Amino acid sequence: SDDFHHAVHVNLTGETEGYYLDFDSVGALAKVLEKGFFHNGTYSSFRERHHGREIDPSRVSPLQLVVATQNHDQIGNRAAGDRISASLNPAQLAQAAVLNILGPFTPMLFMGEEYGASTPWPFFTSHPEPELGRATAEGRLKEFERMGWRPEDVPNPQDPATFASAKLQWAEAEQGHHAELLATYRELIRLRRSRPELRDPDFGSISVEFDEDSRWIVLHRGSTAVVLNLADTMATVPVRGADAEVLLSTVDGVGLLADTVQLPPHAALVLSLAAA
């Protein structure tokens, strides 16, 4: 489901160029989480036509949809091959991890994503024919015109330095916020394995609440609530906080009140809710 990637990407980065435009709302992310696809017969402004079809929940499980917040296509097809770690802060990278691992679908990780690798993944080639190399480079420049990217931001795919820049720096995984993000991924995977509702293969088990203006969203999976504040300001979210158990918090400063939780900017919180 590329729609999952697009909805997460837009809501975290704010990019709305090209095919990202239709996903410029918290509601788009909520629809993807509940329905699997955003374009399920809706009009695609990028394709200039209606696109997709609705999933039949009696025949399709959420686990049949493979999702990612980063992959070789979505990074490599960017002008500079920049990962989201080049534009998001550590708290937002943790939010992407929470949505990917604790969402209702089958998550896929791209190499280095688990520690927020700083290295890019630019498109690179090694065509022995000079004319083919030139044609490839020129073709990519034309592709990016519609996305609003500048020609000078596109590395030459035939330059060996472009390939060398893509190599991971494994030592990063043990340093600073990279190590903290890696620990978050490990904890999220542990939660997914230990809580059966986070692997429930039924679209009917998924419900989402959100507020477009305040930019918060809550994904309910049985007694587990995944709460995110996508805004740059504090958010007050109507979730029963006082009797909830905190399973994971990606930032400090979360407040649990009687009928709400208060989340700092770019926070993600995973709660086990007591029975009503």
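For the condition farther than 27 Å from residue 229 by Cα and either assigned to a helix (DSSP H, G or I) or open to solvent by less than 20 Å² (accessible area, probe 1.4 Å) (or both), what is the one hit in 73, 3, 22, 56?
73
Can you confirm whether residue 34 is under 26 Å from residue 231 (Cβ atoms), of a type in the set (Asp, Glu) and open to solvent by 50 Å² or more (accessible area, probe 1.4 Å)?
For residue 34, the condition - under 26 Å from residue 231 (Cβ atoms), of a type in the set (Asp, Glu) and open to solvent by 50 Å² or more (accessible area, probe 1.4 Å) - is met.
If residue 163 satisfies all but one of (1) at pLDDT 85 or above; (2) outside any helix (DSSP H, G or I), what's the number of the condition it fails?
Exception for residue 163: condition (2).
Take region 82-118 and flag every residue that is assigned to a loop (DSSP other than H, G, I, E, B), open to solvent by 10 Å² or more (accessible area, probe 1.4 Å) and of a type outside the set (D, E, K, R).
Within region 82-118, 87, 88, 89, 108, 109, 110, 111, 118 meet the criteria.
Checking residue 140 against (1) open to solvent by less than 20 Å² (accessible area, probe 1.4 Å); (2) in contact with a helix residue (DSSP H, G or I) (Cβ under 7 Å, 6 or more places away or on another chain), only one condition comes out false. Which one?
(2)
Only one residue in 225, 235, 231, 244 is open to solvent by less than 50 Å² (accessible area, probe 1.4 Å) and closer than 25 Å to residue 63 by Cβ, so which one is that?
Going through 225, 235, 231, 244 in turn, just one is open to solvent by less than 50 Å² (accessible area, probe 1.4 Å) and closer than 25 Å to residue 63 by Cβ: 225.
How many residues are among the β-branched types (Val, Ile, Thr) and without any contact (Cβ under 8 Å) to a residue 60 or more places away in the chain when one looks only at region 20-32?
1
Take the conditions open to solvent by less than 40 Å² (accessible area, probe 1.4 Å), touching a helix residue (DSSP H, G or I) at 6+ places or on another chain (Cβ under 7 Å), under 16 Å from residue 12 (Cβ atoms) and touching a residue at least 24 places away in the same chain (Cβ under 8 Å) and apply them to residue 250. Does it pass?
Criteria met by residue 250.
What number goes with the only condition from (1) open to solvent by less than 10 Å² (accessible area, probe 1.4 Å); (2) without any contact (Cβ under 8 Å) to a residue 24 or more places away in the chain; (3) small (Gly, Ala, Ser) that residue 79 does not pass?
(2)
What number of residues in region 191-220 are part of a helix (DSSP H, G or I) and more than 19 Å from the chain's Cα centre (by Cα)?
7
In the list 171, 183, which residue meets the criterion of being farther than 24 Å from residue 106 by Cα, open to solvent by 20 Å² or more (accessible area, probe 1.4 Å), in a helix (DSSP H, G or I) and modelled with pLDDT of 95 or more?
It is 171.
Scan region 6-19 and give yes if some residue there is without any contact (Cβ under 8 Å) to a residue 40 or more places away in the chain, open to solvent by less than 60 Å² (accessible area, probe 1.4 Å), under 25 Å from residue 86 (Cα atoms) and among the aliphatic types (A, V, I, L, M), otherwise no.
Yes: one or more hits.
The values are calculated or read from the model by the stated rules, or taken from the named source; none is laboratory data. Here the structure is a predicted model, which means the values were calculated and not measured. All Cβ positions, glycine included, derive from the backbone under ideal geometry; neighbour counts span all protein chains shown. Ligands, DNA and RNA are excluded from the accessible area calculation, which covers all protein heavy atoms including side chains. Shrake-Rupley method; radii C 1.70, N 1.55, O 1.52, S 1.80 Å.
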